[in-house]
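A quick write-up on the structure given underneath.
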Amino acid sequence: MSDQARSYAVIIPPTWVMIPVGDASDAAISALLDERFAGLPLDSYGPRKTRLGESLRDAVASARKTGGLDIILPTSTPWQVPLSVGIVISEVGAAGASADAASALLARMQNESPGSAIVSTKAGSALREIVDYAGLADDTELSRLRSVNYNWPVPGADGAILVAACTMAGKREPEYQPIVEALTELFDVMMETLVWSRVPEEIR
């Protein structure tokens, strides 16, 4: 997959990383690992470096299958419970070659999707969708808990839609719900910082 010019910029928290999904992913992961483990003894930290590299490459491979542009992940988790979170950002075509068609599609998606709303952001109006996944009462396996998606029409991009999808997974324990809510709030704050970086001057 060839790398596509990123149409957006977003601020991410400390200890989180953004990695391109295209051809530059291996170089970006290697550079990140070298930076994070610089000066640390390989006999002690080598296995951790290897595990982190494998985890990042697996995440990139999964995002690549769905046409992702970038992934955003935490490299450390301050919450001491078995919950994980990841963000995949993609750009997809809308049913029509115009910004109006993309906006109309998002409005129709809002009407058809419970838990969705049109929200105002720095990058313009976006469709925000939230889905909580049900599980079995005795479900002790790691499973998907919640997805939160933001969808924006991309200015000047012939009806394309930028999709930021945040997925939280872990054990289905009621006492973990406050962490799911906190991660949802963190994702919302991150999406509030998103701005367009590849937009024609006449529509900036």
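The values are calculated or read from the model by the stated rules, or taken from the named source; none is laboratory data. Every value quoted in this text rests on a predicted model; they were computed, and no experiment measured them. FYI the Cβ positions are ideal-geometry reconstructions off the backbone, even for glycines, and counts take in every protein chain you see.
The residue of the stretch 1-16 that is modelled with the highest pLDDT, among those that are over 26 Å from Gly93 (Cα atoms) and surrounded by 11 or more Cβ atoms within 10 Å (Cβ to Cβ), is Trp16.
Tell me the residue from Asp34, Asp43, Asp23 that is over 15 Å from the mean Cα position of the chain (by Cα) and not in a helix (DSSP H, G or I), please. Walk me through how you get there before you give the answer.
On the way: Asp34 fails: not in a helix (DSSP H, G or I); Asp43 fails: not in a helix (DSSP H, G or I).
One residue alone meets the criteria, Asp23.
Of all residues in the stretch 83-142, those that are in a strand (DSSP E or B) and modelled with pLDDT under 70 total 0. Taking (1) touching a Leu at 6+ places or on another chain (Cβ under 8 Å); (2) exposed (fewer than 11 other Cβ atoms within 10 Å of the Cβ); (3) among the hydroxyl-bearing types (Ser, Thr, Tyr) in turn, Ser44 satisfies each apart from (1).
Please verify whether Asp188 is more than 17 Å from Thr121 (Cα to Cα) and either buried (at least 16 other Cβ atoms within 10 Å of the Cβ) or charged (D, E, K, R) (or both), treating the condition exactly as stated.
no
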